[in-house]
Amino acid sequence: MTFRLTKHHGLGNDFLVHLTDDALAAGDRDAWAERAVRWCQRHHGIGADGLLLGVHGTARADLVMTLINADGSIAEMSGNGIRCLAQAEAMRRNQERGTLAVETDGGLRTVEWAATATSARHQGTIDASVDMGPAATGPEADRPAEPVAGERKRATFDLGNPHLVVLVDDPAAIDLAAAGAEQEAAFDAGMNVHFVAPTPGEIDAMTMRVWERGAGVTEACGTGATAAARAAHDWGLVGDRVTVHMPGGDVQVAVGDPMVLRGPSVFIAGIVVTS
């Protein structure tokens, strides 16, 4: 079989995207999980944090999104991934701006996008705003986890997928792989884990490092940035317009109901896979 993919990244959080009209084939999640593991492998595959399937044409959405992590597990939602999916659809439509209703495993989301730049390195960049829905209270831990160095507060949120936000003195001082895995292990269903602190010298800004369920250490996490902004707002550290700095770059979050996430997606390449 031959598959046409595009590769995109949202602040270094990279995804392979496959758009299709074949809902039946896209529904075979076991087969797609196996492909995701092979294709997302960084040294023997194409390399990505996850694989996004976008199925066209349902009664209430322009696309139905399925996100499969690099380890083959399913993620309900991704704030960076949904922007990448929107860019792939914008390219298919040859549109510089537009709005998409996207059905995800975490609920219906709306994405508004506009093209922002082209360069010799990338075909183009879009800026996209995503209605992320409410930031509901997340699951409780199934067992205690050891506090991390410099920990001051923690909170969990549900944005269609689960998040633990840990306020620390300095996110850069955290052993991210070790601490992220340890904190996630306290949750039987897994957990996205984010270590955050106010950004020195900036108002309404937080610095965050990311451990993602199913992917490990990543450059950025859109739903995680949304959860971090909600937590920081609840803790009285920021107002209702928050910049979240991550290793891969920055996003802006409007705190409210719904939460709104704004950030870029960059096209990397078109890919044809025979598998």
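The values are calculated or read from the model by the stated rules, or taken from the named source; none is laboratory data. Remember, it's a predicted structure, so these values are computed and weren't measured experimentally. Counting neighbours? That spans all protein chains shown, and the Cβs are built from the backbone with ideal geometry, glycine included.
Inspect segment 90-100 for any residue being in contact (Cβ under 8 Å) with a residue 60 or more places away in the chain, closer than 25 Å to GLY224 by Cα and surrounded by 14 or more Cβ atoms within 10 Å (Cβ to Cβ) and give the result as yes or no.
no
Is there a residue being of a type in the set (D, E, K, R), surrounded by fewer than 17 Cβ atoms within 10 Å (Cβ to Cβ) and out of contact with any strand residue (DSSP E or B) (no Cβ under 8 Å at 6 or more places or on another chain) anywhere in segment 187-198?
Yes, some residue in segment 187-198 is of a type in the set (D, E, K, R), surrounded by fewer than 17 Cβ atoms within 10 Å (Cβ to Cβ) and out of contact with any strand residue (DSSP E or B) (no Cβ under 8 Å at 6 or more places or on another chain).
Could you list, in sequence order, all residues of segment 188-228 that are farther than 20 Å from GLY138 by Cβ, part of a loop (DSSP other than H, G, I, E, B) and small (Gly, Ala, Ser)?
GLY201
For segment 229-253, what are the residues that are part of a strand (DSSP E or B) and touching a Leu at 6+ places or on another chain (Cβ under 8 Å)?
Across segment 229-253, the qualifying residues are MET246, GLY249, ASP250, VAL251, GLN252, VAL253.
Suppose the filter is out of contact with any Leu (no Cβ under 9 Å at 6 or more places or on another chain), at pLDDT 95 or above and within 30 Å of ASP28 (Cβ to Cβ); does GLY81 pass it?
So GLY81 fails the test.
The rows are residues; the columns are (1) surrounded by 23 or more Cβ atoms within 10 Å (Cβ to Cβ); (2) outside any strand (DSSP E or B).
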site: LEU5; (1), (2): no, no
site: LEU19; (1), (2): no, no
site: ALA36; (1), (2): yes, yes
site: GLY45; (1), (2): no, yes
site: MET65; (1), (2): yes, no
site: ILE68; (1), (2): yes, no
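Name, by its number, the condition in (1) surrounded by fewer than 18 Cβ atoms within 10 Å (Cβ to Cβ); (2) hydrophobic (A, V, I, L, M, F, W, C); (3) not assigned by TED's automatic domain parsing to the domain that holds HIS233 that does not hold for ILE126.
With respect to (1) surrounded by fewer than 18 Cβ atoms within 10 Å (Cβ to Cβ); (2) hydrophobic (A, V, I, L, M, F, W, C); (3) not assigned by TED's automatic domain parsing to the domain that holds HIS233, ILE126 is out only on (1).
Here is a check on your reading of the model: is ALA149 outside the structural domain of ASN80 (by TED's automatic domain parsing) and not acidic (Asp, Glu)?
yes
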